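Q: Questions regarding the structure given below will be posed in turn.
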Amino acid sequence: MPSPTVIPVFSRHRHPRLRYVLKEIGRDLGYDLRLMTDQKRWKETDSYARISISEAFEGVNYLPLPAHSFLQGSDASAEDLVVSSPDEVPAFFMMNGEPDYLACSFYHLSRYEEYQPFSTDEHGRFPAAESHAQKHGYLHRPVVREWSALLEGKLRAVFPELPQSKVHPWRFRPSYDIDILWAWQHRGLRGIASGLKDLLTGHPKRAWRRFAFPAESDPYHSLAFLRSLHLGSARQPPPATDEPALNPVWFWLLADNSDRKDPNAYPIPEAQELLMRELAATDTVGIHPSYLASDKPSVLRDEVDRLATITGTAVRHSRQHFLRFRLPDTYRALHNAGITHDYTMGYADDIGWRAGTNLPFNWYDLEREEATWLSVHPFAAMEVTMKNYLKLGPEAAKRSIIDLADAVRPFGGEFMLLWHNSSFSEDYGWAGWREAYANIVEELRR
């Protein structure tokens with residue numbers, strides 16, 4: 001694989017924020033944006049292009065960029081966050097009428113606003129309603145990708161011979177949170193209580209089906225349907241020897257029933273363990289840390305160990321139950337538990353790009369001012385968000401997802417959705433969503 005094009009970037013300082021954002025933007029564009037503080041070395045480096053951050057030079061061709069003090073460790077003021085659109089893309093950190101796109105990108109990728117005081121929702125989460133992006137109307141735009149493209153355009157205007165930037169292939173990737181594998185089976189006392197509740201709340205048909213129908217007709221046991229979608233046919237489950245045409249990620253909730261917000265069967269039924277091992281042999285499988293795990297590292301470690309014991313493999317992938325996490329504590333706990341990939345970067349109360357990008361990026365621990373090796377994978381939308389928070393029907397939800405995909409498709413990269421195996425049954429309020437999801441998968445895989 002050829003080495004990326006080196007583009008020397010001169011700066012008077014080497015703050016970790018600047019080093020981090022240059023690396024992340026360079027990864028997007030496929031360039032090695034190499035930070036230098038030595039003028040002589042910067043001038044003499046053999047390169048197609050050069051950048052200087054707030055430093056003027058004579059006799060050298062380079063792209064000048066503004067240097068906001070935010071990338072030197074300063075705080076962002078209210079004035080810094082006033083939005084303007086000089087290049088028809090929302091931006092801020094204005095300096096002499098020009099936005100500092102590197103500072104804007106760091107603001108989003110570091111999740112700077114989540115370290116500031118904010119009003120939590122009922123689950124202690126940072127809601128979309130508190131975000132700069134939603135307040136200023138650009139949450140549905142992959143602005144970090146747009147800012148990267150603008151920086152490339154400015155480079156090409158000065159250096160038209162610059163080699164082509166990296167092309168990120170478009171890739172739809174489904175992901176699933178399996179909070180509870182069965183609505184009726186393996187429920188124990190909880191299942192009996194739920195059946196009685198159905199009877200008392202006007203759902204006798206649902207109660208009868210719970211106790212009279214075989215496991216194969218359980219409305220939550222939808223994995224065969226989902227795997228057939230991945231192969232391009234929802235008519236029948238794929239043969240056992242076939243590998244999925246898509247590369248889904250499955251997250252298993254394995255709580256010990258200490259909190260009623262964790263509905264999974266426990267102890268884990270043998271039938272579920274067999275299915276978990278089957279999926280782990282072909283797909284990416286991760287832990288779905290329980291409601292309390294985001295606050296209690298010891299609970300997180302127990303659940304990670306539980307999954308590792310069942311599958312026989314190390315656990316490296318994770319997504320928080322209820323999307324419940326707080327920075328930096330939850331991500332530090334994940335890192336300490338051996339997790340290297342987290343998929344929680346999205347909102348429960350709105351769809352869009354929480355970190356302004358669809359590309360995976362390394363988490364920056366803002367409190368310690370250091371980059372980490374925890375890879376963060378954003379998702380675009382969750383079905384529960386669209387149905388319960390935004391009050392969308394299945395067709396309107398489909399249109400919203402396609403709009404999000406259309407906005408990011410020109411930039412390429414991964415487009416991830418979050419779905420639950422339990423979100424397809426008419427008996428449980430999901431009429432029309434099975435067909436809509438099948439259409440969404442068909443549309444996005446093109």
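Q: If Gln134 satisfies every condition in (1) surrounded by fewer than 19 Cβ atoms within 10 Å (Cβ to Cβ); (2) part of a loop (DSSP other than H, G, I, E, B) but one, which is the exception?
A: (2)
Q: Mind counting the residues in region 54-67 that are touching a strand residue (DSSP E or B) at 6+ places or on another chain (Cβ under 6 Å) and under 12 Å from Met95 (Cα atoms)?
A: Total meeting the criteria: 3.
Q: Now, a different point. Given the criteria of a type outside the set (A, V, I, L, M), out of contact with any Cys (no Cβ under 8 Å at 6 or more places or on another chain) and assigned to a helix (DSSP H, G or I), does Glu122 qualify?
A: Working: of a type outside the set (A, V, I, L, M): yes; out of contact with any Cys (no Cβ under 8 Å at 6 or more places or on another chain): yes; assigned to a helix (DSSP H, G or I): no.
Here the answer is no, as Glu122 does not meet what is asked.
Q: A follow-up question, please. Could you check region 1-115 for strands (runs of 3 or more DSSP E) lying wholly inside it with 2 or more residues that are farther than 24 Å from Glu369 by Cβ and not charged (D, E, K, R)?
A: Because the criterion is at least 2 residues that are farther than 24 Å from Glu369 by Cβ and not charged (D, E, K, R), the strands (runs of 3 or more DSSP E) in region 1-115 that meet it are 5-10, 63-65.
Q: Against the definition (farther than 26 Å from Gly346 by Cβ and at pLDDT below 95), how does Pro86 come out, yes or no?
A: So Pro86 fits the description; yes.
Q: Also, I was wondering about something else. Return the residues of region 60-116 that are closer than 23 Å to Val376 by Cα and touching a Lys or Arg at 6+ places or on another chain (Cβ under 7 Å); say none if nothing qualifies.
A: Within region 60-116, Leu71, Gly73, Phe106 meet the criteria.
Q: For the subset of region 308-329 comprising residues that are assigned to a helix (DSSP H, G or I) and either more than 15 Å from the chain's Cα centre (by Cα) or small (Gly, Ala, Ser) (or both), which member is farthest from Glu278 (Cα to Cα)? Give the derivation first.
A: First, pick out the residues of region 308-329 that are assigned to a helix (DSSP H, G or I): 308-311, 321-323, 329.
Remaining after also requiring either more than 15 Å from the chain's Cα centre (by Cα) or small (Gly, Ala, Ser) (or both): 308-311, 329.
Values: Ala308: 14, Thr309: 14, Ile310: 11, Thr311: 9, Asp329: 33 Å.
Applying the filter and picking the extreme gives Asp329.
Q: Follow-up. Please list, ordered by first then second residue, the pairs with beta carbon atoms under 6 Å, 6 or more apart or interchain, first in region 211-237 and farther than 16 Å from Thr282 by Cα, second at pLDDT below 85 and of a type outside the set (D, E, K, R).
A: Ala215/Gln185; Asp218/Trp184; Asp218/Gln185; Gly232/Ala245
Q: Another question, if that's okay. For region 415-442, how many residues meet the condition of being within 19 Å of Thr385 (Cβ to Cβ) and outside any loop (DSSP other than H, G, I, E, B)?
A: First, the residues of region 415-442 that are within 19 Å of Thr385 (Cβ to Cβ): 415-425, 428-434, 436-437, 439-441.
Cutting the leftovers down to outside any loop (DSSP other than H, G, I, E, B) gives us 415-420, 428, 433-434, 436-437, 439-441.
Qualifying residue count for the region: 14.
Q: Going through region 365-384 one residue at a time, which ones are in contact with a helix residue (DSSP H, G or I) (Cβ under 9 Å, 6 or more places away or on another chain) and either assigned to a strand (DSSP E or B) or closer than 17 Å to Ser422 by Cβ (or both)?
A: Within region 365-384, Asp365, Glu370, Ala371, Thr372, Trp373, Leu374, Val376, Ala381, Met382, Glu383 meet the criteria.
Q: Taking region 379-417 only, how many residues are in contact with a His (Cβ under 8 Å, 6 or more places away or on another chain) and within 28 Å of Tyr428 (Cα to Cα)?
A: Within region 379-417, the first condition is being in contact with a His (Cβ under 8 Å, 6 or more places away or on another chain), and the residues that meet it are 383-384, 403-404, 407, 411-414, 416.
Checking which are within 28 Å of Tyr428 (Cα to Cα) leaves us with 383-384, 403-404, 416.
Counting residues in region 379-417 that are in contact with a His (Cβ under 8 Å, 6 or more places away or on another chain) and within 28 Å of Tyr428 (Cα to Cα) gives 5.
Q: Answer yes or no: is there a residue in region 70-86 that is of a type in the set (Ser, Thr, Tyr) and under 22 Å from Gly153 (Cα atoms).
A: From region 70-86, those of a type in the set (Ser, Thr, Tyr) are 74, 77, 84-85; that's our starting set.
Next, only the ones that are under 22 Å from Gly153 (Cα atoms) stay: 84-85.
Yes - at least one qualifying residue is present in region 70-86.
Q: For residues in region 353-404 being of a type in the set (Lys, Arg) and within 27 Å of His335 (Cβ to Cβ), which is surrounded by the most Cβ atoms within 10 Å (Cβ to Cβ)?
A: Arg354
Q: Condition first: within 26 Å of Thr120 (Cα to Cα) and either in the same structural domain as His15 (by TED's automatic domain parsing) or basic (Lys, Arg) (or both). Can you find one or more residues in region 282-292 that meet it?
A: no
Q: So, one more: Is one or more of the residues making up region 433-441 closer than 23 Å to Phe322 by Cβ, in the same structural domain as Pro360 (by TED's automatic domain parsing) and surrounded by fewer than 20 Cβ atoms within 10 Å (Cβ to Cβ)?
A: No, every residue in region 433-441 fails to be closer than 23 Å to Phe322 by Cβ, in the same structural domain as Pro360 (by TED's automatic domain parsing) and surrounded by fewer than 20 Cβ atoms within 10 Å (Cβ to Cβ).
Q: Could we say that Gly124 is under 22 Å from the mean Cα position of the chain (by Cα) and small (Gly, Ala, Ser) here?
A: yes
The values are calculated or read from the model by the stated rules, or taken from the named source; none is laboratory data. Note that the structure is predicted; figures quoted are calculated from it, not measured. Ideal geometry is used to build each Cβ from the backbone, glycine not excepted, and the neighbour counts take in all protein chains shown.
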